[in-house]
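K.L.:
One structure follows; several queries about it will come next.
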Amino acid sequence: MLRSLHMKLVMIMVLLILSLMMVVGAFLINSVTAFYQEDFYSQMSDVFQDPLLYHDLTTPAGEEENGAEQLFQVIKAYAGELGVDGRNRKLYILDSSGVPLVSPDGETARLEYTENLVFALNTGLETNQAGDKSNLALDYMDVAIPVHRGGQGYVIYILDNKSTSSDLTNQMLVLIIEALGFGLVISILLSFLLSKTMVTPIQKLTEGAMRVAERDFSRRIEVLSQDEIGVLTDTFNDMAGQLQDTLRQVENERNKLDTLFLHMTDGVVAFSRAGRVIHSNPAAARMLRKKIGPETSYEDLFPGGAALEQVLSSSDHIEEERRVRDSFLQLLMAPFDRGREGGGALVVLHDITEQRKNEEMRREFVANVSHELRTPLTNIRSYAETLTENAGEIPPEMEKKFLGVILNESDRMTHIVQDLLTLSRFDSKRDELKLSRFSFGEAVRDIYNAVYMEAQKHNHSLTLRLEPGLPQVLADRERVLQVIMNVVSNSIKYTPDGGHINIFAGWKGERVWLVVDDDGIGIPEEDRPRIFERFYRVDKARSRQSGGTGLGLSIAKEIMERHRGSIVLLDKEGPGLAVRLELNIEGPDNGNE
């Protein structure tokens with residue numbers, strides 16, 4: 001550990017010095033280059049903006065024969081200010097076609113036409129604009145100034161090869177390398193001194209941590225300093241004390257949990273990833289009617305169900321039901337310590353025998369009620385047939401009245417039987433939806449046409465409004481029509497004669513909706529929460545008189561829930577009731593509820 005810490009500190013100091021010197025060196029070198037370049041263009045600008053020089057450059061002396069030579073003589077007088085020395089900074093004078101007329105030491109053959117020179121020749125002579133663009137990336141500095149003298153166009157071109165700047169940069173680079181060497185030596189020495197002061201308390205902390213790992217809390221580490229390491233040492237001592245107290249509390253809690261685990265009514269079995277039992281309580285063995293030991297496997301206890309691999313890879317828990325002799329068990333299986341090698345699966349067993357018996361009793365009740373209703377239904381119909389055959393022996397008015405009562409009661413009882421059977425199929429999960437794709441708008445219009453005559457008998461105003469482009473839906477068409485018919489029939493039935501019933505249908509996003517709004521008697525606020533319960537009727541006498549069974553809305557709710565849809569009562573101002581239905585366009589499997 002000592003050697004590793006030394007190496008880390010040495011590397012940190014070396015990298016620190018290297019990065020610092022590289023940043024400083026790059027900054028200085030770039031600053032020197034930028035300074036020389038800025039000084040060059042500032043110097044050129046100051047000289048050539050002198051009005052006297054401009055006058056001398058553009059005014060010929062009489063009828064001169066060689067304008068370029070005269071320009072050279074004029075600029076020669078300013079050579080000191082321009083820094084032109086013929087070696088590092090050279091002067092050229094070119095005519096308008098780019099041919100050098102004056103050059104230092106006959107170097108015209110080596111003259112390169114740079115961007116500034118090309119600009120001055122092509123554009124500058126016409127616009128009097130100099131080519132003075134600067135670029136730090138280039139290994140030269142230049143400026144091209146167009147001049148008109150005696151009706152002729154010339155370009156004064158000054159080129160600097162940056163030799164002075166390069167020499168100074170090289171000298172600075174040497175100084176930076178020398179400083180870097182001294183810095184590296186100093187950093188290595190400092191890192192060894194620093195590591196020695198740090199390693200000793202860290203070694204003591206390591207020894208203390210090893211003792212704590214072995215549950216030896218009897219010795220405290222001596223605090224040798226008040227710096228961060230001293231604070232860390234003091235904190236470690238406090239942590240060791242708290243850890244000792246925590247372990248004592250955990251042991252007590254573990255004893256409590258063991259007691260609870262052994263005496264809880266629900267069964268619990270924990271398996272390793274290999275499928276072997278890690279823990280189990282007596283309730284699990286009692287529920288499964290099997291002995292559970294360390295060699296018992298997952299397959300021995302739960303054959304034919306969800307595989308152990310499926311439980312371990314599950315993102316949530318898996319539920320199963322299993323019958324053991326005359327008992328019904330609910331199994332909740334979930335992984336624990338997901339992603340770790342020491343993880344496994346946990347199975348919780350809950351006895352739901354009593355719950356299943358209650359459900360069975362409820363189903364039997366529905367079946368018995370249906371059976372009891374069918375017997376008087378047969379008798380009533382037989383009596384009605386007898387009255388029909390002997391119609392002449394009793395007064396016609398009484399005969400007609402009896403027949404009407406018998407037929408109405410028989411129809412009502414038939415509806416009760418049908419509704420009870422429908423609910424029984426829903427409860428037993430035997431009534432599967434027959435999904436097909438159909439036009440929701442056409443289905444609503446079919447209901448409208450079917451109830452129109454009934455509404456007319458009560459002088460109701462029945463209106464239908466469909467949003468354009470209603471899509472097709474994937475659902476059980478007959479069941480959906482049953483729900484819509486139930487809601488619309490209720491509105492017609494419980495709206496006083498001469499009322500108004502409005503049917504609206506539309507769609508939004510991935511769902512279609514239907515609203516049936518009437519101005520009838522409505523439903524009191526206190527009855528709204530229970531309106532979808534089975535056999536619940538707001539006014540039993542009124543419902544019986546109108547043929548209601550108290551099952552229609554509960555069946556409608558069951559159908560909508562199986563479609564992952566919804567049926568709710570809307571709040572509205574004024575009398576009446578508004579019911580809203582919603583369905584998923586792409587069927588129950590696309591539901592978000």
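K.L.:
Which whole-number percentage describes the relative contact order of the chain, with Cα contacts under 8 Å and a sequence gap of 6 or more?
P.N.:
Normalised by residue count, the contact order of the chain is 7 percent.
K.L.:
For the chain, return all DSSP H helices satisfying: extent of Cα atoms along own axis at least 30 Å; mean Kyte-Doolittle hydropathy at least 1.6.
P.N.:
none
K.L.:
Sticking with this structure for a sec: Give, in nm to one decimal, the length gained when the segment between Thr58 and Asn459 is fully stretched (0.36 nm per residue of separation minus the Cα-Cα distance).
P.N.:
Difference between extended and current length: 133.5 nm.
K.L.:
Given a Förster radius of 45 Å and the C-beta distance between His263 and Leu421 as r, what FRET efficiency does 1/(1 + (r/R0)^6) yield to the nearest 0.05?
P.N.:
It comes to 0.45.
K.L.:
Just to be sure I follow: if Rg is taken over the C-alpha atoms of segment 91-223 and Rh is the Kirkwood radius over the same atoms, what is Rg/Rh?
P.N.:
Dividing the radius of gyration by the Kirkwood radius yields 1.61.
K.L.:
Next question, about the same structure. Figure the gain on full extension for Arg87 and Tyr140 (residue separation times 0.36 nm, minus the Cα-Cα span) and round it to one decimal in nm.
P.N.:
Full extension from Arg87 to Tyr140 adds 17.8 nm.
K.L.:
Also, I was wondering about something else. Between Asn122 and Phe27, how many nm apart are label points set 7 Å from Cα along the C-beta direction?
P.N.:
Calculated label separation equals 4.1 nm.
K.L.:
Let me ask something else about it. Of all DSSP beta bridges located in the chain, what percent are antiparallel, nearest 5?
P.N.:
90 percent
K.L.:
In square angstrom, what is the accessible area per residue of the chain with a 1.4 angstrom probe?
P.N.:
About 60 Å² of surface per residue is accessible.
K.L.:
Now for a separate question. How big is D for segment 475-519, in µm² s⁻¹ as a whole number, if Stokes-Einstein is applied with the Kirkwood radius of its Cα pairs at 37 °C and 0.692 mPa s?
P.N.:
Here the translational diffusion coefficient equals 280 µm²/s.
K.L.:
Which value in Å does the Kirkwood hydrodynamic radius of the chain take, with 1/r averaged over all unlike C-alpha pairs and then inverted?
P.N.:
37.3 Å
K.L.:
How would you rank 445-455, 575-585, highest first, on the average number of other Cβ atoms within 10 Å across their residues?
P.N.:
575-585, 445-455
K.L.:
For the chain, with all protein chains present and a 1.4 Å probe, just round the carbon and sulfur fraction of the accessible area to a whole percent.
P.N.:
Its accessible area is 54 percent carbon and sulfur atoms.
K.L.:
Moving on to the next point. How far, in nm, would the chain grow between Glu309 and Arg323 when pulled straight, counting 0.36 nm per residue and subtracting the alpha carbon separation?
P.N.:
2.8 nm
K.L.:
May I ask you to work out the translational diffusion coefficient for segment 285-349 at 10 °C, viscosity 1.306 mPa s, via Stokes-Einstein with Rh from the Kirkwood sum over Cα pairs, reported in whole µm²/s?
P.N.:
This corresponds to a translational diffusion coefficient of 125 µm²/s.
K.L.:
Which listed residue (Thr206, Gln244, Gly183) has the Cα farthest towards the positive end of the charge dipole for segment 165-257, taking +1 on Lys and Arg C-beta and -1 on Asp and Glu C-beta about the Cα centre?
P.N.:
Of the listed residues, the answer is Gln244.
K.L.:
Residues with amide H under 5 Å of His279's amide H, sequence separation 5 or more or different chain, H placed in the peptide plane at 1.01 Å from N; which?
P.N.:
Result for His279 returns Ala270.
The values are calculated or read from the model by the stated rules, or taken from the named source; none is laboratory data. Every value quoted in this text rests on a predicted model; they were computed, and no experiment measured them. We place every Cβ from the backbone using ideal geometry, glycine too, and count neighbours over all the protein chains shown. In case anyone asks, the SASA skips ligands and DNA or RNA and just uses the protein heavy atoms, side chains included. Shrake-Rupley method; radii C 1.70, N 1.55, O 1.52, S 1.80 Å.
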